[in-house]
Structure formats: structure tokens, C-alpha cells
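Report on the structure given below.
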Amino acid sequence: MAISVTRTRPGRLAAGAAALAAGLVGVAVGAPPAQADSDEKTSITIAVSQEVDSLSPFQAVRVITTSLHRWMYDFLTNYDPETGETIPALAESWETSEDGLTWTYHIRQDATWTDGEPVTAEDVAWTFNTMMTDPAAAEANGNFVENFETVTATDEYTVEIQLSQPQVTMLALDVPILPEHIWSGIEDYGAFNNDEEFPIVSNGPWILTDYQPNQTITFEPNEDYWRGAPQFDELVLRTINDADAQVEALRAGEVDFVQGLTPAQFRSLEGEENIELNQADGKRFQGMTLNPGATLQDGTPFGDGHPALQDPVVREALVRTIDREAIYEVAYGGFGEPNAGYIPSRYDIYHWEPERPVSEEFDIDAANQLLDDAGYTMGDDGIRVSPDGRPLSFRFNVHADNPQYVQAAQMMAEWASDAGMELKVEPVSEVGSLLDDGTYDILTTGWSVNPDPNYVLSINLCSGLPTEVGGPYLSDAYFCNDEYDQLYQQQLAELDVDARAELVKQMQEILYETNVFVVWGYADALEAYRSDVIAEMTPQPDPGGNYYGQDGYWSWWSAVPAGAEGSGEGGGGDASAASDSDDGSNTALVIGIIVAAAVVIGAVFFLARRRSATAEDRE
């Protein structure tokens, strides 16, 4: 259960009466209240430490960039901030054939690009077709289009997608739609970073107007956004690499929002004037990857990973020395949940955990017995030696800017030594180059998980391995398992939510048993903001959720300036949006993805609605 130390509840966001016409069921999501009358510019400044990997949605996988792309670009659908279910976005309605192989999306006609051009079905078709035909354009989100046969704009506002097999993620396509008239002239999508011409042409609630690498990223509101413009005049991401400096900047009013707080920082802000604290269940896991032997897709080995980690017995023994409960009690100050499941418990439908409690997983005697039985003898220096004479001494590369990771690694090093294994904790500024070259033994890792788990599951496919050394890849554990791949394809085609959940849980069990991706658990999201700047905003989920790194743009879009007139009252532009059609639709089969809402004419609905908090933070 998420705990809000001080929770500001967003005001109800009123929407207009939902339409019920031509068989379309409407679901309304409210716009933020009207902007306060003031000559003073209102601004939110968010402290960040993560570096931008690319401003191109075709390339970006880090949390900072996937988040800002959610602010800049519309997706076909979005996630309700209260329930996490699918709601209309750029697609105001959709239907699918009985066999689930043909999907038709109806694009709203009131959406425009920020250069004044209309957003049309051609933009949607171009975005997906480019990802289907250009590997560089598919680097970040290519898993979404793997089953696409054709994508066609059948008219100006209708897109038809033909699939090779049913795909459950058709209402969770987390792909920013790009303007064809801007992007079609680019020659190399692998080299294009979208960071030279500003403002960037987009169609979401925020417009990126300026980018100073490792300094600031500046946004202004899109006054013509179909769901209504944000209330603040400016949104700024300011780079402050030192976490303590971020906290001091918040205290001094130099920034207005910080996230990824350590327990000590969070507690130090309790009771501070004009500062609100937020504690939410984590949507990301923390853990480590053990190098099982880096290989290319054709099986060619590379890198210099310790060969003993290719032995499942050694990996199991190492994992048995990890006290997950102690990690979250000590390193995370009690702000988190020890767990071994790959999908955080926040997503209870898909969450899995082993039958044996994590408290029983920690068993150094069992680790020693495993290694004894496998012939790893104890050396005079207390470090075991493999049958080929190589000591069980492993490099443990840890994100230096994450104190929880560093402390957890040091704790694990002590426990592992009791089983005759040496973990040499080596803090590093980033792990990307180590992954590229396969020159690691153990790395700390973490991924944020979306309401639909497909993306985070896809990074473990054999197809996520590189085809050449230094080439693009998704996996950060060089994991490849045929059974896992088969289950992935089955869950992707399974439209029944309960049946799909069972497949997803089987996949997590495989990850757990192979001990390549080793999850410790889920740290709470610890955030703080200045209440004399931000009066209220919408968390996700609402209530009890986080503000930063949402699956949507609700927090900054709904944020109300302190002192704004009408704060917490309804208002804004037309926010009604059609969800689905009963004309040949079988979307009800996609349980848990589609919004389930009863609509009454005249009713007004109120919804109060790819790398750790480090330079390698993933989506």
C-alpha cells in the first residue's frame, strides 16, 4: 500500500457530457482548470540527473526521454490515471474483427501539429510503416510492430492495421506518433537525434522549445492541444547530478520538484515549510544481471565475463546469499518491498512471486552446499576455486550515483564472502559501454514497468541480442531461452486477461529459475515538491501513485499553480473522447485493457485523474 506522507488530492477534473452516437461509447477525461489571470509567468522546474539518450522517439529508451516524449507526442491510446485502463487519445475510437487480425482506429479530427498542420491517419501509418521497414526506427519500440502485416490510411482519419496473429497490445501501443511531413525527409534514423531545430514539431500537451545538453530542457504549453492546454506557462527539466544538491535546491526554491529521493533525504524534508512529500508503490524493480556468457544472436561469444557465471549452480549459490529483506530494510530504509517477481506487485494481475518466501531464499548454508557438491573448493584465502583453477572472484559494477545500489552491493559482498565468493564492488558512472562490449560479471539494473507488461518482457527475447558486437540490442543480461520466447508469443496473442496472466507468470518463473535477471524487489517512489508553486496535480494511479515517470502526462498537464483562481474546479476545453465501437468490435475480449464504463447521455463524468534513478534508467 502506498503511503502519502502529505497527499494533495487533485481537484475533480470536469468533462463535458459524453456523446452517444453512431454506436460509439464515450468516456470523458477532464481538462485542467482554466488558467489563472496573472501577468506573472508560472513555471515548474524539475530536478533531474539522468542524461538524455536521444530526443528521437525511434531511439530513446531511458526514463527521462520516454517520459518527455509522452508529454510531447500523442499515442493512439492513453492510460486512465485512476484505473490504468485504456482510454482514447489520438484515436477517439476503434474496432477489431472477430478474428482479432484487423484493427481499425478512428483518428480525432481536432488534433493538430504545433506548426498548424492537421494530424491525420497518414501520420499514424507512416510512423508504423517506418518502424516496420527501417531497423533504426524500430530500435526503441520495434516489438510493438513485429506482428504487423500492413498499416494503411484508408481515409484521412482512419487507420487499418492487419496483423499476422492476434496481438493483445493493440490498445497499449506505447509509440509516439510522428509528423510525416517533418520526419519523412530524414535520411538516417539511427543518427538523427531530433535535437537541432526548436521548437520541435509535436502534437502533445507540451512543446519542447529549448534543449541545453546536461543543463536544461524547456517546454511551453500547447495552447491548441485537443484535451486542453496545461496551466503552467513553462516546464523546465534542470540537470543537477548530485542528489543532495537537488534537495538543497528544492529547499531554496531553485527547483520545484525532486524524485528518486533516498530515505534519509525524504525524512529530512518532513515538516519543511512549503514542501509536500509523496510516497508511492514502486513501478520499477531493482536488481542485478549476472553475465551468463555474452553472445550474438548466432551464438558467437564475446566479452570477458567470468566463465563460472555460465554455470547455473554458481548463479543459484550466489543468489542464495542475497538477503532481500535486509536490502530494503537497510539500504532503502524500509521504503520498499523485497520480492523476486519481475513484474512489481503494483500490477497485481501480472505479478508473480515464488512459492517460497523471500525470507527463506537467503540461505548461506545452502549456497555452500551447492558449491561443495559442484566441486568448487575453498581456497586458503577464503575464496573458492573452480575445477579449472579460477577463483570465484567477480566484478560487481554498480551505478555510482545511486547510494542504495552501492550500499546493497556492499551488503551482498559481505554475504557472498561467507560462501567463498568474492564480489569486488566497483562503482561506475555508467554501465552502457560494459554492456556493449560484454565486459562485465555482475551489474546493477532496474526497469520501469508499464500497466501492460509486454515491453519489459520483450527485452529478454533472443531477438534482443545484438547481431554484431557493438550493434543495437535490448537485453542487458544476454538472456536467451527458447521456452521463454515461445511463451512470449503466446501471451502476445492471448486476448483473455486471466489466460494471458498465467503465461506472463510462467515467463517470470523462468527468469527467476535461471538467475540471470535477479530481482531484489521494488523501492517506493519518494518525491517532493514545493506547495507554494504547485497547488495540486494528479498522481498515477490516483490516489496513491507517483508524479514523475507516469504512463501518461497527467501530473504536469493537470498541475495547478499555487494561488490560481478556480483551483480544484472544473473547466477547460472539450475533453470528451470515444473509447470503442460496437460495430463489429470484439475489444471486450481484451479484458483489463479497455475502459469499462457505463455512459448515460447528458451525464458528466469526473476523473480525478529502456535503462535505476541513474544514467542508465530504463523505461
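The values are calculated or read from the model by the stated rules, or taken from the named source; none is laboratory data. Because the structure is predicted, anything quoted here is derived from the model rather than measured. Reconstructed Cβ throughout: ideal geometry from the backbone, glycine too, with neighbour counts over all protein chains shown. The area values use the complete protein model at the heavy-atom level, side chains included, leaving out ligands, DNA and RNA. Shrake-Rupley method; radii C 1.70, N 1.55, O 1.52, S 1.80 Å.
Numbers for the structure displayed
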| quantity | calculated |
| --- | --- |
| Cα Rg, Dmax, the range 481-543, angstrom units | 18.7, 54 |
| Computed accessible area, Lys41, all protein chains, 1.4 angstrom probe, square angstrom | 120 Å² |
| Average Cα contact separation per residue, the range 52-133, under 8 Å, 6 or more apart, as relative contact order % | 14 percent |
| Whole-Å distance, taken between Cα centres, linking the range 444-500 and the range 128-162 | 19 Å |
| Under Karplus coefficients 6.51, -1.76 and 1.60, residue-wise ³J(HN,Hα) of the range 134-149 in Hz, glycine/proline x | 10, x, 5, 6, 9, 4, 7, 10, x, 4, 5, 10, 4, 9, 6, 8 |
| Cα-based convex hull volume of the range 446-493 per residue, rounded to whole Å³ | 83 Å³ |
| FRET E, pair Ala245, Thr439, Förster distance 30 Å, beta-carbon r, rounded to 0.05 | 0.45 |
| Convex hull volume of the range 351-391 per residue (C-alpha atoms, cubic angstrom) | 112 Å³ |
| Within straight-line cross-link reach of Lys505, lysines at Cα separation under 27 Å, skipping those fewer than 8 residues along the same chain | Lys283 |
| Computed label-point distance, nm, for sites Asp115 and Gln410 using a 7 Å Cα→Cβ extension | 5.3 nm |
| Amide H within-cut-off set for Ala340, under 5 Å, with H built and near neighbours excluded | none |
| Separation in nanometres of the label points that stand 7 Å from Cα toward Cβ, at Asp372 and Glu223 | 7.7 nm |
| Local electrostatic count at Ala413 - Lys and Arg +1, Asp and Glu -1, tallied over other residues with Cβ under 9 Å | -1 |
| Separation of the Asp210 and Asn193 label points, Cα + 7 Å toward Cβ, nm | 1.9 nm |
| Sum of side-chain charges, Tyr189 neighbourhood, beta-carbon under 13 Å (Lys, Arg +1; Asp, Glu -1) | -4 |
| The range 409-551, relative contact order in percent, only Cα pairs under 8 angstrom and at least six apart counted | 12 percent |
| 3J(HN,Hα) from dihedral phi, the range 418-433, Karplus parametrisation 6.51/-1.76/1.60, rounded to Hz, x for glycine, proline | 5, 10, x, 10, 9, 10, 8, 6, 10, x, 9, 6, 7, 10, x, 5 |
